[in-house]
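The values are calculated or read from the model by the stated rules, or taken from the named source; none is laboratory data. Worth saying up front: this structure is predicted, and the values here are computed from it rather than measured. Heads up, the Cβs are rebuilt from the backbone with ideal geometry, glycines too, and the neighbour counts pull from every protein chain shown. Side chains are part of the model used for accessible areas, which takes the heavy atoms of the whole protein and leaves out ligands, DNA and RNA. Shrake-Rupley method; radii C 1.70, N 1.55, O 1.52, S 1.80 Å.
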Protein chains: 2
Amino acid sequence: MAFINDHYLELKDSYLFSTIAKKINEFTSTHPDKKLIRMGIGDVTLPLVPAVLAAMHEAVEEMGQKETFKGYGPEQGYDFLHEAIQKYYASRGVNLSTDEIFISDGAKSDIGNITDIFSNANVVMIPDPVYPVYVDTNIMSGRQIEFLDSHAKNNFLPMPPSQDASPDIIYLCSPNNPTGSVYNKEQLKAWVDYANHTDAVILFDAAYECFIQDPSLPRSIFEIEGAKTCAIEFCSLSKTAGFTGTRCGYTIVPKNLLGINLETDETSLNKLWLRRQTTKFNGVPYIIQKGAAAVFSPEGQAQIQKNITYYMENAQLIASTMKEKGIEFVGGDNSPYIWLKCPNGMKSWDFFDYLLNEIAVVGTPGAGFGHNGEGYFRLTAFGSKEATLEAMERFKTLSL
Amino acid sequence: MAFINDHYLELKDSYLFSTIAKKINEFTSTHPDKKLIRMGIGDVTLPLVPAVLAAMHEAVEEMGQKETFKGYGPEQGYDFLHEAIQKYYASRGVNLSTDEIFISDGAKSDIGNITDIFSNANVVMIPDPVYPVYVDTNIMSGRQIEFLDSHAKNNFLPMPPSQDASPDIIYLCSPNNPTGSVYNKEQLKAWVDYANHTDAVILFDAAYECFIQDPSLPRSIFEIEGAKTCAIEFCSLSKTAGFTGTRCGYTIVPKNLLGINLETDETSLNKLWLRRQTTKFNGVPYIIQKGAAAVFSPEGQAQIQKNITYYMENAQLIASTMKEKGIEFVGGDNSPYIWLKCPNGMKSWDFFDYLLNEIAVVGTPGAGFGHNGEGYFRLTAFGSKEATLEAMERFKTLSL
């Protein structure tokens with residue numbers, strides 16, 4: 001008799017985006033004349049840049065010729081892409097060897113699959129509010145979850161817990177989704193020291209690193225001394241280069257990072273992850289890896305920077321509108337997300353309904369990201385400039 | 001303290017292909033004049049067909065225009081590809097709904113990841129010899145494995161065990177890797193009846209279905225009555241359309257397939273797999289899905305059929321050479337693999353060394369696929385016609 005993994009039954013159904021879709025449908029059918037502006041889902045809108053397109057066209061051609069056709073590639077990615085990423089990190093003083101870099105189809109896959117190599121007996125610590133994947137993937141493996149309160153009092157940048165908490169695995173996301181807050185070097189150093197001291201592993205989600213404008217802020221946890229013995233970093237081209245539908249990310253597992261086994265020896269997590277990936281994954285399409293490598297070329301970097309600037313101008317526009325209206329918020333300076341306190345004590349969903357009905361603008365209720373998200377709301381800067389401008393003009397007309 | 005998944009330490013290091021590589025290096029450095037012919041690894045050599053290339057070029061263009069750019073798609077794949085696969089199955093009388101079809105980056109990923117949705121307390125039954133991924137992924141989750149003997153006496157087509165064995169999950173692969181043997185409808189019906197009777201789930205690997213030439217043989221387990229309540233099918237375009245480096249596969253999870261949970265109710269495995277994929281996966285690149293859909297167009301089908309015929313002519317050439325030399329073998333009629341008994345009682349690795357040293361031909365020692373593979377050897381039909389011809393000419397010169 002085939003028994004299921006019963007932990008799946010402990011998962012809450014995710015009603016967040018389906019409820020949003022339902023409410024939008026109701027609104028548009030009763031208000032067919034109103035032009036809806038979507039600032040909810042964190043998906044990009046600008047097309048792929050020319051350098052990426054050219055590289056992918058060329059790779060498609062290669063796949064059509066016997067002499068240049070590529071069959072199975074290395075599961076962990078081609079060296080041409082490892083080397084491009086290696087240089088990208090070196091430009092900020094982080095030295096990686098190519099076999100510390102694993103190419104994948106995106107940060108979400110790796111963040112989900114990394115749980116494979118750890119014992120289910122580990123206690124995980126996850127900030128609240130948070131990207132729901134961290135929570136759900138650990139519920140699936142039946143792990144004990146401790147939440148780390150992230151709120152206005154700590155500027156949505158929670159610091160290490162006191163000694164009575166004892167997480168084995170710690171999730172951090174900076175720039176943060178959904179709050180847009182960013183750890184500085186001193187704060188991250190405190191986390192690195194804490195993890196090294198307690199033999200915990202930090203799973204560091206850097207998917208939004210490219211939006212950091214302040215050069216003093218760390219874009220990688222490996223800019224912090226000591227991180228290579230306590231952290232794994234996940235990154236993605238989804239937001240960096242508009243790859244949400246093109247699918248490529250990378251995960252850095254330092255060779256000096258060890259996990260504990262039930263015998264006496266410590267085990268290289270790099271070796272375990274390589275074993276996991278070579279056994280359960282067959283690599284990212286050659287065509288996509290060629291496109292990804294083009295992102296890191298001088299031409300590609302210049303082109304994606306224009307898009308990042310475009311989105312960050314939207315973020316600044318949203319931020320300045322919030323200031324003008326006297327609404328408390330974080331994010332927007334070094335991240336594409338603005339996390340605002342719903343005015344007049346409104347709850348997240350009430351503010352959602354209010355914005356939808358008053359000005360036909362859609363955002364994401366903070367309550368969808370966890371307990372501490374109640375009373376907050378996320379707006380994203382990934383729309384078009386025109387739509388963002390119009391949404392903010394409408395926002396200014398609200399009597400708040 | 002971050003503890004690892006200790007089951008990883010129970011995995012045997014896979015020395016098969018690394019040992020082969022080492023022996024080849026030694027040989028080529030000591031015999032630089034000899035032209036090596038590789039018939040070992042099961043990777044394709046013909047380039048992608050024109051219909052696929054055209055579709056991917058077009059999709060790259062779409063990704064470069066704001067109006068046609070695609071961001072996040074459905075994690076389980078686009079409906080245009082579901083519908084193409086639905087029609088492909090309907091052409092052999094198998095009716096699927098589109099939400100029973102999950103698109104992925106390949107059968108290996110899905111076969112590995114499917115273990116997520118099942119309890120680790122399940123006993124799995126795996127044929128021996130076998131594709132090593134079935135074994136390794138279950139060792140990783142700490143499951144009890146029972147091996148199902150596959151040998152010459154049962155024509156490498158083992159049938160359901162007696163009542164005292166009680167597998168909860170059963171792996172079947174037909175056409176088989178590595179033996180090339182194929183179950184007929186009566187044999188598969190016996191497996192389906194057994195699984196339905198014992199509430200077991202069959203994980204059916206159909207990655208080589210396109211090589212079946214005999215129209216009476218089943219290409220999908222869903223051609224068998226009753227399979228929709230006991231089986232999940234994995235398939236891939238890797239061998240069908242040369243996608244080993246392009247990465248696209250699909251998994252069929254029928255809606256009537258149930259798993260047992262520790263409470264009283266049965267649970268839809270389709271719903272669990274959807275939850276797994278939406279949580280830990282973000283879909284296959286749009287560009288690749290467009291290429292995959294082109295495989296199923298009339299033009300694409302005609303073009304890939306030419307390639308399949310090309311490989312099957314190689315298989316026939318190998319098979320006829322084995323016959324001529326009086327070597328026992330299975331496979332080659334409906335599969336790209338020839339599984340031969342090493343002549344003169346040679347062991348797998350001895351025969352490997354013999355072929356390498358005598359005629360500079362590389363194959364795969366059967367012992368690498370499990371205990372019952374000892375004394376056997378796998379040759380693949382995926383090389384070029386010229387190389388296969390030359391290899392067989394050399395083979396004929398052997399005094400066996």
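Taking every alpha-carbon pair within the protein assembly as shown, the share separated by more than 42 Å comes to 33 percent. Counting Cβ atoms of other protein chains within 10 Å of each Cβ in B:274-281 and taking the mean gives 6.
Would you work out which of B:I308, B:N113, B:A59 lies farthest towards the positive end of the dipole of chain B, given +1 charges on the beta-carbon of Lys and Arg and -1 on that of Asp and Glu, about the Cα centre? It is B:I308, whose Cα lies furthest towards the positive end. Considering only B:E263, B:E324, B:E100, the mean-square fluctuation computed in a Gaussian network model of chain B, springs between alpha carbons under 10 angstrom, is largest for B:E263. Zone of B:N344 (label point 7 Å along Cα→Cβ, backbone N under 14 Å): which residues in region B:359-400? Backbone N within reach: B:359, B:397-400. The stretch between A:K396 and A:K325, if pulled fully straight at 0.36 nm per residue, gains 24.9 nm over its current Cα-Cα span.
Pick from A:L16, A:L48, A:L81: which residue has the top mean-square fluctuation in a GNM of chain A where Cα pairs under 10 Å get a spring? Taking springs between Cα atoms under 10 Å, the residue moving most is A:L16. Only bridges with both residues in region B:50-296 count here: give the DSSP antiparallel percent, nearest 5. Restricted to region B:50-296, the bridges split so that about 40 percent are antiparallel. Rounded to the nearest 500, the 222 nm mean residue ellipticity of chain B from helices alone is -11500 deg cm²/dmol, with -39,500 (n - 2.57) taken per DSSP H run of at least 4 residues. Taken about its Cα centre, chain A carries a charge dipole of about 860 debye when Lys and Arg each add +1 at the Cβ and Asp and Glu each add -1 at the Cβ. Of A:Q289, A:F69, A:S97, which is farthest along the charge dipole of the protein assembly as shown in the positive direction, counting Lys and Arg as +1 and Asp and Glu as -1 at C-beta? In the protein assembly as shown, that residue is A:F69.
Normalised per residue, the accessible area of chain A is 37 Å², obtained with a 1.4 Å probe and no contribution from ligands, DNA or RNA. So, in region A:51-296, how many Lys pairs have Cα atoms under 17 Å apart, if the pair is 8 or more places apart or on different chains? Summing the qualifying lysine pairs gives 10. Normalised by 2.2 N^0.38 Å, where N is the number of residues, the C-alpha radius of gyration of region B:160-292 stands at 1.14. Highest GNM mean-square fluctuation among B:V44, B:V295, B:V94, for chain B modelled with Cα contacts below 10 Å: B:V94. With a cut-off of 13 Å between beta carbons, the residues surrounding B:V124 carry a summed charge of -3, where Lys and Arg count +1 and Asp and Glu -1. For peptide B:5-14, the mean count of partner chain Cβ atoms within 10 Å of a residue's Cβ comes to 5. Residues of region B:346-389 with an amide N closer than 17 Å to a point placed 7 Å from the Cα of B:T30 along the Cα-to-Cβ direction: B:349-362. In chain B, Cα pairs under 8 Å separated by at least six residues give a relative contact order of 22 percent. Rounded, prolate or oblate, given the Cα gyration tensor of region A:122-177, with a/c below 1.5 counting as rounded? Cα axes put region A:122-177 in the oblate bin. Take every DSSP beta bridge whose two residues both sit in the protein assembly as shown; close to 50 percent of them are antiparallel.
For region A:207-309, the residue among A:N256, A:G245, A:Q213 whose Cα projects farthest onto the positive side of the dipole built from Cβ charges is A:G245.
Between the C-alpha center of region A:30-46 and that of region B:113-185 there is a gap of 49 Å. Rolling a 1.4 angstrom probe over the protein assembly as shown with all protein chains present gives an accessible area of which 51% lies on carbon and sulfur atoms. For chain B, the average shadow cast by the Cα convex hull is 22.7 nm², which is a quarter of the hull's surface. Using R0 = 35 Å, the C-beta based FRET efficiency linking A:A190 and A:Y15 works out to 0.45.
Note on B:112-123: average number of Cβ atoms from other chains within 10 Å of each residue's Cβ is 5. Taking 0.36 nm per residue of separation and subtracting the Cα-Cα distance, full extension of the segment from B:E374 to B:K255 would add 38.8 nm. Counting only whole DSSP H helices of chain B, the ones at least 30 Å long by C-alpha along their axis and with mean Kyte-Doolittle hydropathy no lower than -1.0 are B:298-324. Just report the Cα centroid separation between region B:225-289 and region A:208-285, whole Å. Centre-to-centre (Cα) distance: 27 Å. Shown is the FRET efficiency for A:I145 and A:D214, computed with R0 = 35 Å from the Cβ-Cβ distance and rounded to the nearest 0.05: 0.65.
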